[in-house]
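K.L.:
My questions will all concern the structure given below.
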Amino acid sequence: MDAIKQYMQPKWWLIVIGALGFITGVVNYATAEDSAEIGWGDDYTANDVFYEKAWGLNQLPISIAALVSGLLLTGRARSIMAMTISGGFWSSMVVLYPAGTDAGYGFMAIDMLVVITVIMGGLFTSGYLHLEDEE
C-alpha cells in the first residue's frame, strides 16, 4: 500500500489535472469553430460556437481551483479538495454524457467517458489514500 501511496500524491494529481484542464479550456475557447464542427458536424451554427467557447471557459474555474489546491493546500485539506474536484467533475459528466449522446453531440463518445472516469478516479483515489495525512 505504501508503494501505491507514493505514486498517488494528490498534490501532483491536482497540479497536473489543473494545468491540463486550464490548457484544454483555453484551447477549446480559441478553436471553438473547430470544436463546433467536430461536435455538431458541418452545419454548426454561431450558437454552437458560443457554447463551445462557454464550455472552454467553464473549465477554467475548476482548473484554477485544482492548481491552487495542489500548490497551496496540505494534508487533509488537499485530500478533501482532490476528492471534491474529482467527484464534482465526474458527476457532471454522468449527467452530460447521456444528454450529449441523445443530442448527437460528437464529443460524447464512450472513450471520452472512460478517459474522464480513469483520470478523475485517479484524482479521487489519491485524495482518499492521503486523507489522514497531517502535513
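The values are calculated or read from the model by the stated rules, or taken from the named source; none is laboratory data. As the structure is a computational prediction, the values presented were derived from the model and not from experiment. Quick reminder, even Gly has a Cβ in these numbers, built from the backbone with ideal geometry, and neighbours come from all protein chains shown.
K.L.:
For the stretch 98-135, name all the residues that are under 14 Å from the mean Cα position of the chain (by Cα) and either more than 25 Å from Ser69 (Cβ to Cβ) or exposed (fewer than 13 other Cβ atoms within 10 Å of the Cβ) (or both).
P.N.:
Val114, Val115, Val118, Gly121
K.L.:
Which residues, taken from the stretch 1-12, are in contact with a Ser or Thr (Cβ under 7 Å, 6 or more places away or on another chain) and assigned to a loop (DSSP other than H, G, I, E, B)?
P.N.:
Met8, Gln9
K.L.:
Identify all residues within the stretch 38-72 that are over 16 Å from Gly100 (Cβ atoms), among the aromatic types (Phe, Trp, Tyr) and surrounded by 14 or more Cβ atoms within 10 Å (Cβ to Cβ); write none if there are none.
P.N.:
Answer for the stretch 38-72, where residues must be over 16 Å from Gly100 (Cβ atoms), among the aromatic types (Phe, Trp, Tyr) and surrounded by 14 or more Cβ atoms within 10 Å (Cβ to Cβ): there is none.
K.L.:
On to the next question. From the set of residues in the stretch 13-25 that are surrounded by fewer than 17 Cβ atoms within 10 Å (Cβ to Cβ) and in contact with a helix residue (DSSP H, G or I) (Cβ under 7 Å, 6 or more places away or on another chain), which is farthest from Gly100 (Cα to Cα)?
P.N.:
Ala19
K.L.:
In addition: Suppose we filter the stretch 64-83 for residues that are under 18 Å from Phe22 (Cβ atoms) and part of a helix (DSSP H, G or I); how many remain?
P.N.:
Of the residues in that region, 11 qualify.
K.L.:
How about the stretch 24-54: which of its residues are farther than 16 Å from Gly106 by Cα and of a type in the set (Ser, Thr, Tyr)?
P.N.:
Answer for the stretch 24-54, where residues must be farther than 16 Å from Gly106 by Cα and of a type in the set (Ser, Thr, Tyr): Thr24, Tyr29.
K.L.:
Restricting to the stretch 108-122, count the residues that are touching a Gly at 6+ places or on another chain (Cβ under 9 Å) and over 21 Å from Gly18 (Cβ atoms).
P.N.:
Residues meeting the conditions: 1.
K.L.:
Quick one: how many residues across the stretch 26-37 are surrounded by 17 or more Cβ atoms within 10 Å (Cβ to Cβ) and either at pLDDT 95 or above or over 19 Å from Ile116 (Cα atoms) (or both)?
P.N.:
Pass one, the stretch 26-37, residues surrounded by 17 or more Cβ atoms within 10 Å (Cβ to Cβ): 28-29, 32, 35-37.
Next, only the ones that are either at pLDDT 95 or above or over 19 Å from Ile116 (Cα atoms) (or both) stay: 29, 32, 36-37.
Matching residues across the stretch 26-37 total 4.
K.L.:
So which residues in the stretch 25-60 are over 28 Å from Gly75 (Cα atoms) and polar (S, T, N, Q), if there are any at all?
P.N.:
Asn28, Thr31, Ser35, Thr45, Asn47, listed by residue number.
K.L.:
Still on this structure: Return the residue satisfying two criteria in turn: it lies in the stretch 13-62 and is part of a helix (DSSP H, G or I) and acidic (Asp, Glu), and of such residues it is nearest to Met81 (Cα to Cα). So that I can check it myself, show each step before the final result.
P.N.:
Taking the stretch 13-62 first, the residues part of a helix (DSSP H, G or I) are 13-30, 32-40, 46-62.
Checking the rest, the ones that are also acidic (Asp, Glu) come to 33-34, 37, 48, 52.
Details: Glu33: 33, Asp34: 33, Glu37: 35, Asp48: 32, Glu52: 27 Å.
Restricting to residues being part of a helix (DSSP H, G or I) and acidic (Asp, Glu), the top hit is Glu52.
K.L.:
Which residue out of Ala99, Ala77 is under 30 Å from Asp48 (Cβ atoms) and free of Cβ contacts under 8 Å to residues at least 60 places away in the same chain?
P.N.:
Testing whether each residue is under 30 Å from Asp48 (Cβ atoms) and free of Cβ contacts under 8 Å to residues at least 60 places away in the same chain leaves just Ala99.
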